[in-house]
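**Q** One structure follows; several queries about it will come next.
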Amino acid sequence: MNENDAARKATLRARAEIDLGALRANVRSLRAHASGAALMTVVKADAYGHGALACARAAVEAGASWLGTATPQEALALRAPGAGIPADVRVMCWLWTPGGPWREAIEADLDVGVSGMWALEEVTAAARDAGRPARVHLKADTGLGRGGCVPGDWAELIAGALRAEADGLLRVVGLWSHLAAADEPGHPSVDAQLTRFREMVAQAEAQGVDPEVRHIANSAATLTLPESHFDLVRCGIALYGVSPSPEIGTPADFGLRQVMTLTASLALVKHVPGGEGVGYGHHYVTPGATTLGLVPLGYADGIPRHASSAGPVLIEGKWRTVAGRIAMDQFTVDLGGDEPGEGAEVVLFGPGDRGEPTVEDWAQAAGTIGYEIVTRIGTRVPRVYVNDVNDVNGVRYVSA
């Protein structure tokens, strides 16, 4: 980091440091777990809060051959001029609503998920208007009960897709589904869903579908269920070095490293007597004379209010806990008489190398999952990219 970078870092209220070197290493680990299947790295929701374009480019550099998003708008951004995603990298999106940008997706060479006849009819009409076939992945509902075609309607969807394929309007390139409980070891739904998926794939192939890829595995299944890998695995949270569930193992157990480190600068340090109420509702009262530190992050930045009186931070080598309620822009910690100066670094979470809390620690404190902790970090927190091979200094500051 040069002097200008160091000065910029010192002036930041807070920052989310995104280690693209860790992300590339995670891609390599996930490819090793994938049993020879191709790897789709999922960068929906702005790459789970990490920054979609930077993370997509880093994932491709490390060998990911597919990118996945939920919405078509997210996928179209990856195909925009200057995005830097090679044309031979497949980009798939799956969360469609009626009237969506089907033609734009076809013209941008996206792969699209189709769960029912309404979507098949819309994508077919768009392909006719575009004058080129759509690349379609037909989704089977094997037991998650969200998107996807139920078994009773599957034959009709397959038949309709094959008619459109015969007319040159689409190619059925994928058959896919999604698991409900792969992050719960031994859950009976996993085997039931895999059995149903095999049956629905066999039915489609018997009707004449010849897919390029069959895919059902998410992060948890990629890491723990090799029988689910088929031709392609889709990894989201594991890409960012967060375990899908503590029950299946820690990131280190799978050769993964947390990518995001969230820090802030202490905004105020002050002496207070015992019996002093702290924060809204005075849910924390100082047990004796102490020092308080003000951390300039709050629920408007994505710090979960449910972690009030529980969220951990590291300040000058010591764990501290949120004192009282987390407010919109700030929260307080009891420093127990220590006196770090204003501007001292507060580490909310990181990979744990320095003894700091991790994403999972905050998830436990808030009664939620690691996915939510990283994804909700808001737009007021700039993303700072380190170990970026596309930047000459290896450090890039980007407002979210």
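The values are calculated or read from the model by the stated rules, or taken from the named source; none is laboratory data. Here the structure is a predicted model, which means the values were calculated and not measured. For neighbour counting, all protein chains shown are included, and Cβ atoms are generated from backbone atoms with ideal geometry for every residue, glycine included. Keep in mind that these areas ignore ligands, DNA and RNA; they rest on the heavy atoms of the full protein, side chains included. Shrake-Rupley method; radii C 1.70, N 1.55, O 1.52, S 1.80 Å.
**Q** Report Rg/Rh for the range 147-188, rounded to two decimals, where Rg is the Cα radius of gyration and Rh the Kirkwood radius.
**A** Looking at the range 147-188, the ratio lands at 1.17.
**Q** Assuming R0 = 60 Å, what is the FRET efficiency of His306 and Arg128, from their Cβ-Cβ distance, to the nearest 0.05? Present the calculation step by step, with values, prior to reporting the outcome.
**A** Numbers: r = 49 Å, r/R0 = 0.82.
Plugging the Cβ-Cβ distance into 1/(1 + (r/R0)^6) gives 0.75.
**Q** For the chain, what does the helix formula give at 222 nm: sum of -39500 (n - 2.57) over DSSP H segments with n ≥ 4, over the residue count, nearest 500 deg cm²/dmol?
**A** Dividing the helical sum by the residues of the chain leaves -9000 deg cm²/dmol.
**Q** Right, here's the next one. Take the eigenvalues of the Cα gyration tensor for the range 215-313, scale each by 5, and report the square roots as semi-axes in whole Å, largest first.
**A** That gives 42, 13, 12 Å for the three semi-axes.
**Q** For the range 98-216, go through all pairs of different Cα atoms, get the mean of 1/r, take its inverse, and jot down that Kirkwood value in Å.
**A** 14.5 Å is the Kirkwood radius here.
**Q** Among Ala77, Ser29, Trp118, pick out the residue whose Cα is farthest towards the positive end of the charge dipole of the range 1-147, where Lys and Arg carry +1 and Asp and Glu carry -1 on C-beta, about the Cα centre.
**A** My answer, from the dipole projection, is Ser29.
**Q** Something else about it: In whole percent, and with a 1.4 Å probe on the protein chains, what portion of the accessible area of the range 238-303 is carbon and sulfur? Intermediate results must be reported in sequence, preceding the final value.
**A** Numbers: 1460 of 2620 Å².
In the range 238-303, the share of accessible area belonging to carbon and sulfur is 56 percent.
**Q** Can you work out ³J(HN,Hα) from phi for every residue in the range 269-280, in order, using Karplus 6.51 cos²θ - 1.76 cosθ + 1.60 and θ = phi - 60°, giving whole Hz and x for Gly and Pro?
**A** Going residue by residue, I get 10, 8, 8, 9, x, x, x, 8, x, 10, x, 4 Hz, with x marking Gly and Pro.
**Q** Shifting gears a bit: Nearest 20 debye, what's the magnitude of the dipole of the chain about its Cα centre given +1 on Lys and Arg Cβ and -1 on Asp and Glu Cβ?
**A** Dipole size: approximately 420 debye.
**Q** Out of the trypsin sites (Lys or Arg not before Pro) in the range 264-369, which ones are loop residues according to DSSP with at most 12 other C-beta atoms within 10 Å?
**A** Arg354
**Q** Using θ = phi - 60° and the Karplus form 6.51 cos²θ - 1.76 cosθ + 1.60, what ³J(HN,Hα) does each residue of the range 101-116 get, whole Hz, x for Gly and Pro?
**A** x, 4, 5, 4, 5, 5, 5, 8, 6, 8, 8, 10, x, 10, 10, x
**Q** Could I ask something else about it? Would you list, by chain and number, the aspartates and glutamates whose Cα falls below 17 Å from the Cα of Lys139, excluding same-chain residues fewer than 8 positions away?
**A** Once the sequence-local aspartates and glutamates are set aside, what remains near Lys139 is Asp111, Glu121, Glu122, Asp153, Glu156, Glu165, Glu199, Glu205, Asp210, Glu212, Asp231.
**Q** Can you give the Kirkwood hydrodynamic radius for the range 8-96, in Å, rounded to one decimal and based on Cα pairs?
**A** Numbers: mean 1/r = 0.0728 Å⁻¹.
Hydrodynamic radius (Kirkwood, Cα only) of the range 8-96 equals 13.7 Å.
**Q** In Å², and per residue, what accessible area does the range 116-232 have when probed at 1.4 Å with the other protein chains present?
**A** Numbers: 4850 Å² over 117 residues.
The answer is 41 Å² per residue.
**Q** For the range 304-382, place one equal point scatterer on every Cα, skip the solvent, and apply the Debye formula. What is log10 of I(q)/I(0) at q = 0.28 Å⁻¹?
**A** So the normalised log intensities work out to -1.54.
**Q** If you don't mind, another one. Could you give the dipole magnitude of the range 97-185 about its Cα centre, charging the beta-carbon of Lys and Arg +1 and that of Asp and Glu -1, in debye to the nearest 20?
**A** 180 debye
**Q** Please list the equivalent ellipsoid semi-axes of the range 253-400, computed as the square roots of five times the alpha-carbon gyration tensor eigenvalues, in descending order and whole angstrom.
**A** Semi-axes, largest first: 28, 17, 14 Å.
**Q** Using modelled amide H (1.01 Å from N, peptide plane; none on Pro or chain starts), what sits under 5 Å from the amide H of Val42, excluding residues fewer than 5 places away?
**A** Result for Val42 returns Gly68, Cys235, Gly236.
**Q** What size of dipole, in debye to the nearest 20, comes out for the range 1-129 about its Cα centre when the only charges are +1 on Lys and Arg C-beta atoms and -1 on Asp and Glu C-beta atoms?
**A** Numbers: 13 positive and 15 negative charges, 94 e Å.
It comes to approximately 460 debye.
**Q** Got a sec? Charge dipole of the range 33-191, +1 on Cβ for Lys and Arg, -1 for Asp and Glu; which of Ala166, Val150, Leu179 is way out at the positive end?
**A** Sorting the options by dipole projection puts first Ala166.
**Q** I've got another one for you. Report the Stokes-Einstein translational diffusion coefficient (µm² s⁻¹, integer) for the chain, Rh taken as the Kirkwood radius over Cα pairs, at 20 °C with viscosity 1.002 mPa s.
**A** Rounded, D is 94 µm²/s.
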